[in-house]
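The values are calculated or read from the model by the stated rules, or taken from the named source; none is laboratory data. Being a predicted model, the structure only gives us computed values, none of them experimental. We place every Cβ from the backbone using ideal geometry, glycine too, and count neighbours over all the protein chains shown.
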Amino acid sequence: MILEQKTPNYLKPGLPAGLNRITIPIIEANPTSVKNYGLLVDDPNDFNIEIMRWPAQGWRPVDTDSGDEGGTKEGIFSSEWRGEVLYGSNEAVGGKYILGYSNDPTKADEQSTEDPDKIFLWHANYHPDGGQLFFPIDARPFLVPVALPGDNIRPHNFICFLCDGKQGLYIHPNIWHEGVFAINGKQRFLDRQGAVHARVSVDFAREFQCLLEIPLTSLKGRV
């Protein structure tokens, strides 16, 4: 099945009401738990991003000294709660997004002063051209939802890593994710990723009539 190629409207997703909710588990990020998804990084200045070779278009292979020279981009990735809406911005690629909600998207109030007790995730993507590093500038715990590669992705394939804020999280090419989530308030991260910035997306609301739910109540007192 090939889906119609349509760029999501990240700031006005127009999500329908009454969507089902599928809870995904929070897993503490450590070298063992992240090994199939990526790596924990101590020093971003001593870490190289994987860049994938441009795929061959036919039976002739791409020359081995070419096709992987696009390099990387980097900038500040900000993750900020405004009431019940979680916004993201990525200076590296000039992106601005609604990453999630703490209430039904049709009722989410940006004027709310309550800390979120859950996150509803409506979208995810992966980058086939290169890996991506999120390294915390503000040394506070943060969340990254992820799933293993494969276009036949399903909501129940996702987990959410809880990172302690002392290390960065690097994710390999083709790993499903959706930015990096502040648990409350605003957080900033160094973002470094492949410069081609190809995206392959899944829209949970429209493909599966659901939102992924990340419960935050178990984190109270720990962050």
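A few notes on this one:
- The set of residues from the range 162-183 being over 16 Å from the mean Cα position of the chain (by Cα) and either buried (at least 18 other Cβ atoms within 10 Å of the Cβ) or among the hydroxyl-bearing types (Ser, Thr, Tyr) (or both) comprises just one member, 167.
- Of the residues making up the range 63-103, those that are charged (D, E, K, R), assigned to a strand (DSSP E or B) and touching a residue at least 40 places away in the same chain (Cβ under 8 Å) are 73, 74, 80, 96.
One line per residue, one yes/no per condition, for (1) surrounded by fewer than 16 Cβ atoms within 10 Å (Cβ to Cβ); (2) over 26 Å from residue 107 (Cα atoms); (3) in contact with a helix residue (DSSP H, G or I) (Cβ under 9 Å, 6 or more places away or on another chain); (4) of a type in the set (Gly, Ala, Ser):
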residue: 135; (1), (2), (3), (4): no, yes, yes, no
residue: 138; (1), (2), (3), (4): yes, yes, no, no
residue: 145; (1), (2), (3), (4): no, no, no, no
residue: 149; (1), (2), (3), (4): yes, yes, no, no
residue: 156; (1), (2), (3), (4): yes, no, no, no
residue: 205; (1), (2), (3), (4): no, no, no, yes
residue: 208; (1), (2), (3), (4): no, no, yes, no
residue: 212; (1), (2), (3), (4): no, no, yes, no
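- Residue in the range 105-116 that is at negative phi, surrounded by 21 or more Cβ atoms within 10 Å (Cβ to Cβ) and under 12 Å from the mean Cα position of the chain (by Cα) present: no
- Qualifying position, being surrounded by 10 or more Cβ atoms within 10 Å (Cβ to Cβ), among the charged types (D, E, K, R) and more than 21 Å from the chain's Cα centre (by Cα), among 69, 74, 28: 69
- Qualifying residue in the range 128-138 (condition: within 30 Å of residue 17 (Cα to Cα), modelled with pLDDT of 95 or more, out of contact with any Ser or Thr (no Cβ under 7 Å at 6 or more places or on another chain) and of a type in the set (A, V, I, L, M, F, W, C)): no
- Under the condition of being crowded, with 22+ Cβ neighbours inside 10 Å and farther than 18 Å from residue 167 by Cβ, the residues counted in the range 185-202 number 2.
- Residues of the range 16-61 that are of a type in the set (A, V, I, L, M, F, W, C), at pLDDT 95 or above, part of a loop (DSSP other than H, G, I, E, B) and closer than 22 Å to residue 100 by Cα: 19, 24, 29.
- Of the residues making up the range 84-126, those that are more than 25 Å from residue 157 (Cβ to Cβ) and acidic (Asp, Glu) are 84, 91, 109, 110, 114, 115.
- Condition met for residue 173 (over 24 Å from residue 7 (Cβ atoms), of a type outside the set (S, T, N, Q), part of a loop (DSSP other than H, G, I, E, B) and in contact (Cβ under 8 Å) with a residue 60 or more places away in the chain): no
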